[in-house]
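Please read the structure below before turning to the comments.
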Amino acid sequence: MSKESSASSLDADAARFPTAVYADRLARAAALAERAGLDGLLITPGPDLRYLVGSRADSFERLTCLVVPSDGSAPSVVVPRLELASLGDSAVAELDLPLHDWVDGVDPYELVSSLLPETPRVAVADAMPALHLVPLARRFGGVPVLATGVLRELRMIKDDAEIEALRRAGAAIDRVHARMGEWLRPGRTEAEVAADISAAILDEGHTEAAFVIVGSGPHGADPHHEVSERVIESGDVVVVDIGGPVEPGYNSDSTRTYVLGEPDAEIARQVGILEAAQRAATRAVRPGVTAESVDAAARDVLADAGLADVFVHRTGHGIGLSVHEEPYIVAGNTVTLEPGMAFSIEPGIYFRGRWGARIEDIVVVTADGCESMNLRPHGLTVLPG
């Protein structure tokens, strides 16, 4: 991989990578901004700021903004004086980035403007709140473009340390799925099961439970069902989609489908087809193919079995500091896969009002295929009913 400086060893509990990693990222971000014809990048709190300087600062009504000029001059940070402590866990101090702190009564947008050429062409983080975007647009005489086109070139290709974090996240969420029989049984509500899963996600090494979906029976036919007070019954097919971050902020996301008691033969057959679709998509992953071709590999298996109409979403999404990021594994996405790209492979089938199933792994593109971050069995898992 090209990002050798980012492959430094990282303690499993470390809140961020070594400072050299962020120095390299900032330099490459500036170079990509220049190549895109931009004068600079304006990055407010969110995943992009965490990627570039390791900051977990939150976005408030007072502007915090990393200004990355494309002319090679040093990046700097505009930050409210009362929020200076929010940068304490970041690499800002070790990078020796100039700080422009401000207090109420000072115009922070003028501060940002003073750090760039007159009438600059800038790109902003896609997480920038409108309450900051609008005043900046007024200051610069037009709506800035999104920095996504620049930063996705960096964030899509994970370095060795990022991949190791994804491995740890995958192993941690696998351990939670391995314990599902402790909680998932008839007579309990989805919410009760979800509470136990959330606690286990923390126990197994995540810093939080970012999401927990327990879709039992007809609720499994809603891909974005979360939890409810529905009592789980014997014979239910249950979709469990769970994940969260491990330090330094890289996410797990894995779905398995369970059944309480011996499954109906037709359900078992259809989930077997879904497993074949997920396997076909995984086998299709390698450098040089397009994202949409991986989507097609899963979709074609389901279509051949007459299940095309019940697969209602894309095959996958990128993952890293965000649960959903580039690249998206979907028809129409002609992005060419490269080693280091990380994304989900998660086809599903959904029979409205009856049941649903989904199988999801996170994979990372390797030199000749892909590595799966999730190693739990993929088929329909039978639990006591």
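What the table below lists for this structure:
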{"quantity": "Whole-percent pair-distance distribution, where bins are 5 Å wide, for the alpha carbons of region 284-385", "calculated": "3, 12, 22, 24, 19, 12, 6, 2, 1, 0"}
{"quantity": "In Å², nearest 10: area of Arg354 left accessible to a 1.4 Å probe", "calculated": "150 Å²"}
{"quantity": "Area of Leu97 that stays accessible when all protein chains are in place (1.4 Å probe, Å², to 10)", "calculated": "20 Å²"}
{"quantity": "Portion, in percent, of the accessible area of region 36-87 that falls on carbon or sulfur, probe 1.4 Å", "calculated": "51 percent"}
{"quantity": "Region 54-153, accessible area per residue, ligands and nucleic acids excluded (1.4 Å, Å²)", "calculated": "49 Å²"}
{"quantity": "Principal-axis tilt of helix 130-140 within the chain, Cα atoms, nearest 10 degrees", "calculated": "40 degrees"}
{"quantity": "10 Å Cβ shell holding at most 15 others, DSSP loop, GluC sites (Glu not before Pro): longest site-free stretch of the chain", "calculated": "234-385"}
{"quantity": "Leading residue at positive end of dipole, region 204-306 (Cβ point charges), from Ala221, Tyr250, Val285", "calculated": "Val285"}
{"quantity": "Ratio of Rg to Rh over the chain (Cα coordinates, Kirkwood Rh, two decimals)", "calculated": "1.02"}
{"quantity": "Span from the region 371-385 Cα centroid across to the region 44-90 one, whole angstrom", "calculated": "41 Å"}
{"quantity": "For region 87-103, 3J(HN,Hα) per residue [Karplus equation, 6.51 cos²θ - 1.76 cosθ + 1.60, θ = phi - 60°, Hz, x = Gly/Pro]", "calculated": "8, x, 8, 9, 8, 4, 5, 5, 6, 6, 7, x, 10, 10, 7, 9, 10"}
{"quantity": "Solvent-accessible ranking of Tyr109, Tyr51, largest area first, probe 1.4 Å", "calculated": "Tyr109, Tyr51"}
{"quantity": "Region 110-209, Cα convex hull volume normalised per residue, Å³", "calculated": "169 Å³"}
{"quantity": "On Cα atoms only, tilt of 160-178 relative to the major axis of the chain in degrees", "calculated": "30 degrees"}
{"quantity": "Accessible area, probe 1.4 Å, largest first, for residues Arg256, Arg138", "calculated": "Arg138, Arg256"}
{"quantity": "Region 210-349 shape via C-alpha gyration tensor axes, a/c threshold 1.5", "calculated": "oblate"}
{"quantity": "Kirkwood-type radius of region 55-141, with distances r between different C-alpha atoms, in Å", "calculated": "13.5 Å"}
{"quantity": "Dipole magnitude of the chain about its Cα centre (Cβ charges: Lys, Arg +1; Asp, Glu -1), debye to nearest 20", "calculated": "520 debye"}
{"quantity": "Helix 265-284 axis, angle to the chain major axis (alpha carbon atoms, nearest 10°)", "calculated": "40 degrees"}
{"quantity": "Region 228-385 - percent of accessible surface contributed by carbon and sulfur, probe 1.4 Å", "calculated": "51 percent"}
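The values are calculated or read from the model by the stated rules, or taken from the named source; none is laboratory data. Only a predicted model underlies this, so the values are computations on that prediction, with no experimental measurement involved. Heads up, the Cβs are rebuilt from the backbone with ideal geometry, glycines too, and the neighbour counts pull from every protein chain shown. Keep in mind that these areas ignore ligands, DNA and RNA; they rest on the heavy atoms of the full protein, side chains included. Shrake-Rupley method; radii C 1.70, N 1.55, O 1.52, S 1.80 Å.
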